[in-house]
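Structure first, then comments.
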Amino acid sequence: MSFGCLPLLFSEQAQAGAQVEEPLMDSVRSALSSAIANQAPPVPEFRDTESKLVYLRWLSAMSDRLKKKKPEWQIRKEFLQTVWYESRRAGVDVTLVMGLIQVESNFRKFAVSSVGARGYMQVMPFWTRVIGDGDAGKLFHMQTNLRFGCVILRHYLDRERGDNFLGLGRYNGSRGRAPYPEAVFAARRNWLFDGHLVG
């Protein structure tokens, strides 16, 4: 399938704004570079049985909620497994990431916004030029997109000293304006687990 025809496949427009290219810390650059090389979904590791059971309960609950968007179990499982892994790896709350994905792409792997942002987390193509070989098509690879999105979100949250409202605005290119962060906060409530935030 040619990526050039992907925007024609969807009647819904992706919601991304314009992330701004800016200097990156070496740790951010390293995390993003390694994502480009990985092809298989990551396998979560657990420090004890209880941690694994929490994850398995979360996976089951989220799988039920996501079934309409991703009807095939294996695809749904790999997606959720990767969201869990990359959220935790980047130190970002998984419910915030799920809410962001819902707002940005509505869980569509091949979503493309009017400004060219791509994939689940609507990552701007310039990130592949800054980090990798410039092949923006790699942003349609699930793990690459989710790792880039989670690390970029962590970067913006750090820039805003942990302020979710401002960090989300920076991610969307609408810093200081309420509609985007409020939409993500509202969507985030769909992904609460046992009434608690999980991350």
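Things to note:
- Lys138 being within 24 Å of Lys70 (Cα to Cα), part of a loop (DSSP other than H, G, I, E, B), open to solvent by 20 Å² or more (accessible area, probe 1.4 Å) and touching a residue at least 24 places away in the same chain (Cβ under 8 Å): no
- Of all residues in region 85-108, those satisfying the criterion of being under 16 Å from Val151 (Cα atoms), open to solvent by 10 Å² or more (accessible area, probe 1.4 Å) and assigned to a loop (DSSP other than H, G, I, E, B) are Gly91, Asp93.
- Single match in Val123, Val115 (criterion: farther than 23 Å from Lys69 by Cβ and either within 14 Å of the chain's Cα centre (by Cα) or open to solvent by 50 Å² or more (accessible area, probe 1.4 Å) (or both)): Val115
- Yes/no for Arg161 being over 14 Å from the mean Cα position of the chain (by Cα) and free of Cβ contacts under 8 Å to residues at least 60 places away in the same chain: yes
- Looking only at residues of region 69-83 that are in contact with a Pro (Cβ under 6 Å, 6 or more places away or on another chain) and under 18 Å from Phe193 (Cβ atoms), we find that the one that is surrounded by the most Cβ atoms within 10 Å (Cβ to Cβ) is Thr82.
- Of all the criteria given as (1) at positive phi; (2) assigned to a helix (DSSP H, G or I), the one not satisfied by Gly176 is (2).
The values are calculated or read from the model by the stated rules, or taken from the named source; none is laboratory data. Just so it is clear, the structure is predicted and the values come from calculations on it, not from any experiment. Because the Cβ atoms are built from the backbone with ideal geometry, glycine has one as well, and the counts that use them run over all protein chains shown. Just so you know, the surface numbers come from the protein's heavy atoms only, side chains and all, with ligands and any DNA or RNA stripped out. Shrake-Rupley method; radii C 1.70, N 1.55, O 1.52, S 1.80 Å.
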